[in-house]
Amino acid sequence: NGCCLTVVAAEGYRFSFDLLQETMARTNLKFLVPGGTVNLERAMRADTRLGGHFVTGHVDGTGPILRWEAAGKGDYVVEVGIRPEDKAYLIPKGSISIDGISLTVGQVKPSSFTVWIIPHTRDVTNLVFRKPGDHVNLEFDMLAKYVAQIVEAKAKAAMGANPIQGVTEAWVAPAP
């Protein structure tokens with residue numbers, strides 16, 4: 001489901017993982033029941049082609065599915081709720097990982113976003129079993145998180161100890 005976990009034991013099709021309290025608190029693994037379906041994917045190799053965006057498996061949190069429906073000829077649209085502070089990491093046509101699935105953001109709203117799902121992705125992932133109200137793991141784009149951190153650090157440095165009041169003309173002006 002998009003969580004970076006290490007297999008500590010394997011027997012046939014059964015795998016065991018150590019789960020930290022942080023993992024349980026931050027992810028949807030706490031909602032799993034025996035027989036539940038999860039997405040499993042091996043880690044990306046550093047010496048291979050990158051197909052999509054960087055998905056590290058470091059889940060930022062969960063969001064509830066608000067809408068999950070067919071739209072058009074075989075397409076599907078999923079709307080997921082987000083915390084207001086996470087909106088900054090989303091842009092239309094940007095990247096998001098839902099349960100470890102690298103997807104493209106469609107629309108960003110004040111407290112949610114949408115993604116479009118092709119039939120193949122729906123059919124070969126646990127999304128086929130998801131329904132409104134289910135919580136999915138969200139990993140926001142790593143580059144967006146780095147940019148946000150750099151901008152915040154620059155703003156704090158420019159304003160001293162004052163909290164960020166927003167981007168001003170003085171803040172974006174070139175240094176003398």
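Of note:
- The stretch 81-90, residues that are open to solvent by 20 Å² or more (accessible area, probe 1.4 Å) and under 17 Å from VAL55 (Cβ atoms): TYR89
- Residue within the stretch 72-80 that is of a type in the set (Val, Ile, Thr), touching a residue at least 60 places away in the same chain (Cβ under 8 Å) and open to solvent by less than 30 Å² (accessible area, probe 1.4 Å) present: no
- Output for the stretch 60-71, where each listed residue is surrounded by 15 or more Cβ atoms within 10 Å (Cβ to Cβ) and either touching a helix residue (DSSP H, G or I) at 6+ places or on another chain (Cβ under 7 Å) or part of a loop (DSSP other than H, G, I, E, B) (or both): ASP60, GLY61, THR62
- Qualifying positions in the stretch 81-107 - under 12 Å from the mean Cα position of the chain (by Cα) and in a strand (DSSP E or B): GLY81, SER95, ILE96, SER97, ILE98, ILE101, SER102, LEU103, THR104, VAL105
- Residue-level analysis places VAL8 among those that are more than 29 Å from VAL147 (Cβ to Cβ), open to solvent by 70 Å² or more (accessible area, probe 1.4 Å) and in a strand (DSSP E or B).
- First in the stretch 83-95 and among the small types (Gly, Ala, Ser), second anywhere and at pLDDT below 95 and in a loop (DSSP other than H, G, I, E, B), Cβ under 9 Å, 6 or more apart: GLY94/HIS53; GLY94/ASP141; SER95/GLY52; SER95/HIS53; SER95/PHE54; SER95/VAL55; SER95/ASP141
- Residues considered: PRO132, PRO119, PRO110. Of these, the only one that is in contact (Cβ under 8 Å) with a residue 12 or more places away in the chain, open to solvent by 20 Å² or more (accessible area, probe 1.4 Å) and within 17 Å of the chain's Cα centre (by Cα) is PRO110.
- Picking from residues in the stretch 5-58 that are touching a helix residue (DSSP H, G or I) at 6+ places or on another chain (Cβ under 7 Å), of a type in the set (A, V, I, L, M) and within 21 Å of VAL124 (Cβ to Cβ), the one that is modelled with the lowest pLDDT is VAL38.
The values are calculated or read from the model by the stated rules, or taken from the named source; none is laboratory data. Given the structure is predicted, the values throughout are model-derived calculations rather than measurements. So basically every Cβ, Gly included, is an ideal-geometry build from the backbone, and we count neighbours across all protein chains shown. Only protein heavy atoms, including side chains, enter the accessible area calculation; ligands, DNA and RNA are left aside. Shrake-Rupley method; radii C 1.70, N 1.55, O 1.52, S 1.80 Å.
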